[in-house]
Amino acid sequence: MRPRRRDSRVTGAEREHVSRLLGAGCSTRAMARRLGRAPSTVSRELRRLGPTRVTYWAGPAQAQTRARWRRRPGRLDQDPRLQAAVLVGLRRRWSPEEIARRVRAEYPDDVTMRVSHETIYRYLYVLPRGELKRELLRCLRHPRRYRQRRGATVTRRQLVEPRLIDHRPAEVEDRAIPGHWEGDLLLGAARCPAAVGTLVERTTRFTVLVPVARRDAATVGGAFARRMRRIPTPLRKTLTTDQGSEFAGHRALSAQTAVQVYFCHPHSPWERGTNENTNGLLRQCFPKGCDLTKVSARQLRRVQDLLNTRPRKVLNWRTPREAFYGLPIQPLLR
């Protein structure tokens, strides 16, 4: 009977078995049948420590295997300056691709400051187990191996006289003129009354976070109105949201801010793609199920700064703050 195909690497327990069978005088093929391995696999294992079967011992063979599979120094281990830039970016919650592109943009003439995002991923996942590896993996946007299943679709209550995005000015679509925003609520635990309001400018991706004590329409509308009035008038033209009941006070919001509110079609989150992407970045700091009542205004400002100083591919690796205020590229290492 042909042995079932398995992993080609021999385990430590199998090495002990080979050592005992070798002492009992078994042939290579007999040992292969006992282990359920191919004869060539056993033959390679016996040659691991020398040219003859007499030189084989399980302990040294296992030690040699561990040494061979031990982590080899990579590019980031050999260049402390490049490693420092990568670690700074990771701790700012930037993705490996954002880090790689940003470093290249900051050091266009320095060929030693070049690293691919795949190299950064390999560096992270082959780090020895420990607190550093756990800390850095938590900085990734999706630290888990598989995506979680999407939740069930929630039925929204109908709004009074909503103006759909079909009626938005044409200048909103091409993103050529700043001042058009997308808004949403980031929710925490199911029983948590608090939420974080998000306002994202479509052209520069500049983000404003709004603390919301309760999710009712009056509280949400008031919080958004107070925060939007602090934005310069030329930079607040329209606001696009979903048809959630928390935005039922859109007419009062428009009256207080002179901002026309538009709504996406039901169950069409891609019509607010910029806002949805920003909410995904925010989940690194506020994971699903967290208690948002414990988030202070200082923490919210810190997270807002992290988002606005993060290089974005759509901005040619500039940060939203640089794009919003017209600043030059700021150095990563100071």
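No value in this document is a laboratory result; all are computed from the given coordinates. None of the values given here were measured: they were computed from a predicted structure. Note: ideal-geometry Cβ built from the backbone for every residue, glycine included; neighbour counts use all protein chains shown.
Per-structure values
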read-out	value
Sorted by Cβ neighbour density within 10 Å, fewest at the top, the residues 171, 246, 97	171, 97, 246
Whichever lysines have a C-alpha closer than 25 Å to that of residue 294, once near sequence neighbours (fewer than 8 apart) are set aside	none
The stretch 204-334 - Rg (one decimal) and Dmax (whole number), Cα, Å	15.7, 47
Packing-based exposure ordering (other Cβ within 10 Å, fewest first) of 270, 94, 181, 57	270, 57, 94, 181
The chain - charge dipole about Cα centre, Lys and Arg +1 at Cβ, Asp and Glu -1, debye rounded to 20	2040
Label selected from (i) 24.9; (ii) 15.1; (iii) 18.7, the criterion being mean projected area of the Cα convex hull in nm² as computed here	(i)
Helix-only mean residue ellipticity at 222 nm for the chain, each DSSP H run of n ≥ 4 adding -39500 (n - 2.57), per residue, nearest 500	-11500 deg cm²/dmol
Distance between modelled label sites at residue 192 and residue 16, nm, 7 Å Cα→Cβ extension	4.8
Residues 325, 56, 121, 262 arranged by fewest to most Cβ contacts within 10 Å	325, 121, 56, 262
Gyration tensor verdict on the stretch 239-299 (Cα atoms; rounded if a/c is under 1.5, prolate if a/b is larger than b/c, oblate otherwise)	oblate
Surface/4 of the Cα convex hull for the stretch 184-253, nm²	4.7
Computed label-point distance, nm, for sites residue 163 and residue 268 using a 7 Å Cα→Cβ extension	1.7
Rounded to 5, the percent of DSSP beta bridges in the chain classed as antiparallel	65
Stretch gain in nm, segment residue 133-residue 283, where the contour uses 0.36 nm per residue and the Cα spacing is subtracted	52.0 nm
Lysines with Cα under 29 Å of residue 313, excluding same-chain neighbours fewer than 8 positions away	133, 237, 288
